[in-house]
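Below is one structure, written out as structure tokens; the observations come after it.
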Amino acid sequence: MEKTLNVATVLKPQGIRGEIKVKTLTDSAEDMRAFARVFIDGAEYKVLSVRPAGDCAYLTLRGIADRNAAELLRGKDVIVLREDAPELPQDTFYLVDILGCEVVTEKGKTLGTICDITPAKTDIYVIEKDGGRITFVAAEGVIEDIDVEAKRVTVNKKRFDEVALCD
């Protein structure tokens with residue numbers, strides 16, 4: 001398993017005191033409160049404050065004292081160590097752990113490997129097989145099981161065929 005997790009992307013500076021607005025990649029912007037430190041572009045920052053706002057959050061970081069310093073972080077990923085991340089509820093996974101999983105039907109037919117996930121209210125998965133790509137929404141009833149240890153995602157073939165789009 002990956003030792004780091006990408007939890008947000010810096011959108012822009014907010015105000016003149018170095019606060020940054022981030023687009024969270026977690027289930028809720030409130031989840032950002034769990035992190036005492038983050039890493040951006042390889043540098044470690046202590047989190048001084050977090051203000052959730054919809055699917056975004058405003059962070060104040062030690063060492064980012066003004067708008068100019070905050071501007072340098074625009075577009076960068078906000079990374080945390082897995083050891084700093086809170087325990088997940090049962091049957092909940094970090095997206096990074098699902099990337100690279102083999103997607104199979106309930107009868108064991110391989111459909112491809114997950115190469116990309118777009119976080120949304122209903123996540124959008126992209127799988128690759130033999131140079132082709134298939135996009136599908138993780139709507140209710142599509143995914144039957146996720147086994148991150150075995151790197152396998154089992155889907156209901158009928159529901160998968162209803163929501164899948166081939167590129």
Neighbour cut-off at most 14 other Cβ (10 Å), DSSP loop, GluC sites (Glu not before Pro), region 1-93:
Glu2, Glu87
Out of all DSSP beta bridges in the chain, what portion is antiparallel? Express it as a percent rounded to 5.
90
Assigning unit charges at the beta carbon (Lys, Arg +1; Asp, Glu -1) and nothing else, what dipole magnitude in debye, to the nearest 20, does the chain show about its Cα centre?
660
Which ³J(HN,Hα) values in Hz, rounded to whole numbers, follow from the phi angles of region 10-15 under the Karplus curve 6.51 cos²θ - 1.76 cosθ + 1.60, where θ = phi - 60° and Gly and Pro get x?
6, 8, 5, x, 10, x
With Rg from the Cα atoms and Rh as the Kirkwood inverse mean 1/r over Cα pairs, the chain has an Rg/Rh of 1.05
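Nothing charged except the Cβ atoms of Lys and Arg (+1) and of Asp and Glu (-1): what's the magnitude of the dipole of region 95-166 about its Cα centre? Round to the nearest 20 debye.
Details: 10 positive and 14 negative charges, 47 e Å.
Computed about the Cα centre, the dipole is about 220 debye.
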Between Arg37 and residues 5 or more places away or on another chain, which pairs have amide H atoms under 5 Å apart, with H built 1.01 Å from N, and which residues are they?
Val47
Expressed in nm to one decimal, what extension gain is obtained for the pair Lys121 and Leu48 from 0.36 nm per residue of sequence separation less their Cα-Cα distance?
23.4 nm
With unit charges on the beta carbons (Lys and Arg positive, Asp and Glu negative) and the dipole taken about the Cα centre of the chain, which residue among Val80, Gly100, Gly132 sits farthest to the positive side?
Val80
For Lys3, go through the lysines and keep the ones whose alpha-carbon is under 26 Å away, minus same-chain ones fewer than eight residues off.
Lys21, Lys23, Lys46, Lys76, Lys121, Lys151
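Mind checking region 40-139 for chymotrypsin sites (Phe, Trp or Tyr not before Pro) that DSSP puts in a loop (not H, G, I, E or B) and that have at most 14 other Cβ atoms within 10 Å? Don't skip to the end; give the middle numbers.
Details: sites: Tyr45, Tyr58, Phe93, Tyr94, Tyr125, Phe136; in loops: Phe93, Tyr94.
Hits after loop and neighbour filter: Phe93.
If each DSSP helix of 4+ residues adds -39,500 (n - 2.57) and the sum is divided by the residues in the chain, what number results at 222 nm, nearest 500 deg cm²/dmol? Mind dumping the intermediate values first?
Details: 3 runs with 16 residues, N = 167.
Result for the chain, helices only: -2000 deg cm²/dmol.
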With label points built 7 Å along Cα→Cβ from the Cα atoms of Leu72 and Thr4, find their separation and express it in nm.
1.7
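Considering only DSSP states other than H, G, I, E and B, which trypsin sites (Lys or Arg not before Pro) in region 1-34 qualify as loop sites with at most 11 other Cβ atoms within 10 Å?
Values: sites: Lys3, Arg17, Lys21, Lys23, Arg33; in loops: Lys3, Arg17.
Filter output for region 1-34: Lys3.
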Need one number: nm distance between label points at Arg33 and Lys151, each 7 Å from Cα along Cα→Cβ, rounded to one decimal.
3.7
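Need the full-extension length gain, Val96 to Arg133, defined as separation in residues times 0.36 nm minus the C-alpha distance. One decimal, nm.
On the way: separation 37, 0.36 × 37 = 13.32 nm, distance 1.89 nm.
Result: 11.4 nm gained on full extension.
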Determine the distance separating the Cα centre of region 88-156 from the Cα centre of region 46-63; give it in Å without decimals.
31
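Values quoted throughout were computed directly from the atomic coordinates according to the rules given, and no laboratory measurement underlies them. As the structure is a computational prediction, the values presented were derived from the model and not from experiment. Every residue, glycine among them, receives a Cβ derived from its backbone with ideal geometry; neighbour counts consider all protein chains shown.
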